[in-house]
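A.B. asks: The structure is given below, and queries will be raised subsequently.
Derivation of every value follows stated rules applied to the coordinates shown; laboratory data play no part. Small disclaimer: the values here were computed from a predicted structure and weren't measured. A quick note on method: Cβ atoms are made from the backbone with ideal geometry, for glycine too, and the neighbour counts reach across all protein chains shown.
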Amino acid sequence: MKFNEYYKTGELKAAGEVLEINDCTSRGSGRQIKFDDHKFCVECIMGVKYRKSGVWNYYNKNGTIFLTGSYVILDNIGVPSVKDGIWTSFRDNGTPLQLSVFKEGKIIETSIFDENNIMLDFDGEEFAGDIIRLQLK
Ligand SMILES: [Zn+2]
C-alpha cells in the first residue's frame, strides 16, 4: 500500500510503497519478499509490521526530489528493507549529484557528477551506458 512521510512542518518528505509482513524474528531464507506468504509461527510475537518496498522518492521541503531508488525486503533475521538497484541523489537545482547501484543492500558501484553533469568517478564499463541514459531522462 502507498505510504507518505512528512516533515514536522507538514511538507511531504517521502512517498512510496510499504508491504505488510509478519515481524517474525527468526526468518532466514534469504530470499526477497514480494508477497508475505510467511505463516505465523511461535516467533511472530511482534505482530504485523510495515517495510518499505519498491520505488521511494525523498523530497526537499520545496517539493523537489533529492533522492530516489528502490527497496527490497529480505527474508533474513529482522526482515530488513534494503536498497536494491539504482539510487540517484540530486542537487537543489535538480542536476544529479550521485548515482549508486545496490544489490540487496550491498553497494556495487558509485558515480559522482560535477556541476556540468559530467561523471567524475566511475569504475564499471558495463553499467555506464544504462546509468547515463537513465540519468538524462
Ligand atoms: Zn514467524
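A.B. asks: Just to be sure before I move on: is Phe102 in a strand (DSSP E or B), touching a residue at least 12 places away in the same chain (Cβ under 8 Å) and crowded, with 17+ Cβ neighbours inside 10 Å in the structure I sent? Spell out the reasoning first.
C.D. replies: Working: in a strand (DSSP E or B): yes; touching a residue at least 12 places away in the same chain (Cβ under 8 Å): yes; crowded, with 17+ Cβ neighbours inside 10 Å: yes.
Spelling it out, Phe102 is indeed in a strand (DSSP E or B), touching a residue at least 12 places away in the same chain (Cβ under 8 Å) and crowded, with 17+ Cβ neighbours inside 10 Å.
A.B. asks: Return the pairs, sorted by first residue and then second, in which the second residue is part of a strand (DSSP E or B) and more than 11 Å from the ligand (Cβ to nearest atom), the first residue lies in the stretch 41-55 and is free of Cβ contacts under 8 Å to residues at least 60 places away in the same chain and of a type in the set (A, V, I, L, M), the beta carbons are less than 8 Å apart, and the residues are 6+ apart or on different chains.
C.D. replies: The qualifying pairs are Val48/Glu20; Val55/Gly16; Val55/Glu17; Val55/Thr68; Val55/Gly69; Val55/Ser70.
A.B. asks: Given the conditions (1) crowded, with 19+ Cβ neighbours inside 10 Å; (2) closer than 15 Å to Tyr58 by Cβ, which single one is not true for Thr68?
C.D. replies: Every condition holds for Thr68 apart from (1).
A.B. asks: Sticking with this structure for a sec: Residues that are more than 16 Å from the ligand (Cβ to nearest atom), closer than 25 Å to Ile107 by Cα and touching a Ser or Thr at 6+ places or on another chain (Cβ under 7 Å): find the strands (runs of 3 or more DSSP E) completely inside the stretch 1-92 holding 2 or more of those.
C.D. replies: Values: elements: 2-6, 12-22, 48-59, 65-74, 81-90.
Per the criteria, 12-22, 48-59, 65-74, 81-90.
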